[in-house]
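Each remark here refers to the structure printed beneath this line.
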Amino acid sequence: MILQAIAIDDEPSALKVIEAHAEKIPFLNLQASFLHPTEGLAYLQSHSVDLVFLDIQMPDLMGTELANLIRDMNIQLIFVTAFPEYAVEGFQLRALDYLLKPVSLPRFLEACNRALQGQQLRMNQSPSLFIKDGYDWVRVDLDEVLYIRSDTNLLFFHQAEKTVSTRMTISKALDMLPKGAFIRVHKSYIVAVHAIRKIERHQLIVGKDQIPLASSYKEELQRLLLG
């Protein structure tokens, strides 16, 4: 799946950052960029777009005002702004994410992966995310992931037949995973709920592997699985 996107920002330098990041994301096609929000709005009214990267403080038309105008278009929004004080209003407008300038590539990728999963959900496709493995981009089908293990600054996505690694923190991974499908059970482990076969006193059986279960996470796990 390729996400079709546009960017709207009255700062040329900000658009260049988004364009540069977008070129590195294999599942994202940035169709066009606009310095004037009215031009971006006109484009949205005549083209099929899945995702908009949108600044907030712009002349003639605020990003929040434009977001209100396209609320019924079934388009995902990611605000990209230098002003944190608009965050609450942004999420009230059902924004998928809220990125503060200057936006790093890892943070940009995190938001794009969230948009990818949102689009897959809309189209009843299995959720996935893209991670960087060395110089390569690797698609990880989340339905096939049994658990995720952290080791210093590396994460290992364990599947039945293979393991994929990437540089990412465990907290960032949690932010990108579908809510309710994965749960943290230890400072170094996240497990797929569907893959848990047995809960023991201090460990879980996930697939064929034994995963440590920390007492601080046990109550939440039992509440999720047992009600």
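The values are calculated or read from the model by the stated rules, or taken from the named source; none is laboratory data. This structure is a prediction, so every number in the text was calculated from the model and none was measured. Reconstructed Cβ throughout: ideal geometry from the backbone, glycine too, with neighbour counts over all protein chains shown. Note: areas computed on protein heavy atoms with side chains; ligands, DNA, RNA excluded. Shrake-Rupley method; radii C 1.70, N 1.55, O 1.52, S 1.80 Å.
Numbers at a glance
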{"quantity": "Criterion violated by Pro26 - all others in (1) modelled with pLDDT of 95 or more; (2) within 21 Å of the chain's Cα centre (by Cα) satisfied", "calculated": "(1)"}
{"quantity": "Candidates Lys218, Lys198, filtered to the one that is over 19 Å from Asn113 (Cα atoms), in a strand (DSSP E or B) and at pLDDT below 95", "calculated": "Lys198"}
{"quantity": "Selection count, segment 133-150, where residues are at pLDDT below 90 and either polar (S, T, N, Q) or open to solvent by less than 80 Å² (accessible area, probe 1.4 Å) (or both)", "calculated": "4"}
{"quantity": "Long-range neighbours under 8 Å by Cβ, at least six apart or interchain, first residue in contact (Cβ under 8 Å) with a residue 40 or more places away in the chain and on the phi > 0 side of the Ramachandran plot within segment 198-227, second exposed (fewer than 13 other Cβ atoms within 10 Å of the Cβ) and not hydrophobic (A, V, I, L, M, F, W, C)", "calculated": "Gly207/Arg197"}
{"quantity": "Leading residue by the ranking (farthest from Pro84 (Cα to Cα)) among those in segment 1-59 that are hydroxyl-bearing (Ser, Thr, Tyr) and out of contact with any Asp or Glu (no Cβ under 7 Å at 6 or more places or on another chain)", "calculated": "Ser46"}
{"quantity": "Search result, residues across segment 148-179 that are among the β-branched types (Val, Ile, Thr) and touching a residue at least 12 places away in the same chain (Cβ under 8 Å)", "calculated": "Ile148, Val164, Thr166, Thr169, Ile170"}
{"quantity": "Cβ pairs under 6 Å, 6+ apart, first in segment 127-139 and closer than 17 Å to Gln117 by Cα, second charged (D, E, K, R)", "calculated": "Ser128/Arg139; Ser128/Asp141; Phe130/Arg139"}
{"quantity": "Segment 180-195: number of residues that are among the charged types (D, E, K, R) and either in contact (Cβ under 8 Å) with a residue 40 or more places away in the chain or not in a strand (DSSP E or B) (or both)", "calculated": "1"}
{"quantity": "Filter pass, Ile190 being open to solvent by less than 20 Å² (accessible area, probe 1.4 Å), modelled with pLDDT of 90 or more and more than 14 Å from the chain's Cα centre (by Cα)", "calculated": "yes"}
{"quantity": "Selected residue (criterion: least open to solvent (accessible area, probe 1.4 Å)) from residues of segment 212-227 that are of a type in the set (A, V, I, L, M, F, W, C) and within 20 Å of Lys179 (Cβ to Cβ)", "calculated": "Leu221"}
{"quantity": "Hits in segment 103-115 (condition: surrounded by 13 or more Cβ atoms within 10 Å (Cβ to Cβ) and over 12 Å from the mean Cα position of the chain (by Cα))", "calculated": "Val103, Leu105"}
{"quantity": "Test: Ile205 is among the β-branched types (Val, Ile, Thr), farther than 27 Å from Pro106 by Cβ and either open to solvent by less than 20 Å² (accessible area, probe 1.4 Å) or at pLDDT 90 or above (or both)", "calculated": "yes"}
